[in-house]
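A.B. asks: Before I ask anything, here is the structure I am working with.
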Amino acid sequence: QPDPSARRIIRYKGKLVNQKPEGKAEATFENGDVYTGHWRGGLREGYGEIRYANGDEYKGEWKADKRTGKGYYFKGPYDYVKGDFVDGKPHGLAIRYVNGVRVYNGRWVEGVPQKTGIRANARGKSE
């Protein structure tokens, strides 16, 4: 269940249409997340970047308020996933990096890397 405070905007810089965010804007949510990017009809849509209160970041495409499309999800400067996302999870082709080393390159389904991809250990050697 999503955190409801992640949807309550406490600070907003941008245009409103019918009391809803529209166009390029910046929003700070009650839980501390900060989103900068495009909105349509009050939903995040198009390119946007979010810095979550826990320090994680996502930079990429949004559709209907969800991380959907090409993007990067960072859990730190050297730990990230780059590729296709659907409903906030890697889905399709994506690459996972840990400590700056590619450890998986291949197909993902709902956030889970599949057996058909190329895996490597922390030193980048294929397994």
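A.B. asks: Output ³J(HN,Hα) for the range 104-112: one whole-Hz value per residue in order, computed from phi by the Karplus curve 6.51 cos²θ - 1.76 cosθ + 1.60 with θ = phi - 60°, and x for Gly and Pro.
C.D. replies: 8, 9, x, 7, 10, 10, 6, x, 10
A.B. asks: Can you run phi through the Karplus equation (6.51, -1.76, 1.60; θ = phi - 60°) for the range 75-90 and list ³J(HN,Hα) in whole Hz, with x for Gly and Pro?
C.D. replies: Ordered by residue, 3J(HN,Hα) equals 10, x, x, 10, 10, 7, 10, 10, x, 8, 10, 9, 6, x, 10, x Hz.
A.B. asks: Okay, moving on. At a 1.4 Å probe radius, carbon and sulfur cover how many percent of the accessible area of the range 51-103?
C.D. replies: 51 percent
A.B. asks: Further question on the same structure: In sequence order, what are the phi-derived ³J(HN,Hα) couplings for the range 30-45 according to the Karplus relation 6.51 cos²θ - 1.76 cosθ + 1.60 with θ = phi - 60°, rounded to whole Hz, with x for glycine and proline?
C.D. replies: 4, 7, x, 5, 10, 10, 10, x, 9, 10, 9, x, x, 10, 5, 8
A.B. asks: If the cut-off is a Cα-Cα distance under 12 Å, which aspartates and glutamates reach residue 75, setting aside same-chain residues fewer than 8 apart in sequence?
C.D. replies: In chain and number order, the partners are 56, 57.
A.B. asks: Oh, and also: Taking square-rooted eigenvalues a ≥ b ≥ c of the alpha carbon gyration tensor, is the range 38-120 rounded, prolate or oblate, where a/c under 1.5 means rounded and, failing that, a/b exceeding b/c means prolate? Display every interim value, and only then the final one.
C.D. replies: Working: a/c = 2.85, a/b = 1.55, b/c = 1.84.
Verdict is oblate for the range 38-120.
A.B. asks: Among the trypsin sites (Lys or Arg not before Pro) in the range 18-127, which ones are in a DSSP loop with at most 11 other Cβ atoms within 10 Å of the Cβ? Mind listing them?
C.D. replies: Answer in residue order: 115, 123, 125.
A.B. asks: Per residue, what accessible area does the range 2-89 have, given a 1.4 Å probe and all protein chains present, in Å²?
C.D. replies: Per-residue value: 59 Å².
A.B. asks: Select from the range 8-78 those GluC sites (Glu not before Pro) which occupy a DSSP coil region and have at most 16 other Cβ atoms within 10 Å, ordered by residue number.
C.D. replies: 30
A.B. asks: Could you pull out every residue, at least 5 positions away or on a different chain, whose amide H is within less than 5 Å of the one on residue 62? Hs are placed 1.01 Å off N in the peptide plane, and Pro or chain starts have none.
C.D. replies: 46, 47, 48, 68
The values are calculated or read from the model by the stated rules, or taken from the named source; none is laboratory data. The structure presented is a predicted model; accordingly, all values stated were derived computationally and were not measured. Cβ atoms come from the backbone with ideal geometry, glycine included; neighbour counts cover every protein chain shown. Just the protein is used for accessible areas: all its heavy atoms, side chains included, with ligands, DNA and RNA removed. Shrake-Rupley method; radii C 1.70, N 1.55, O 1.52, S 1.80 Å.
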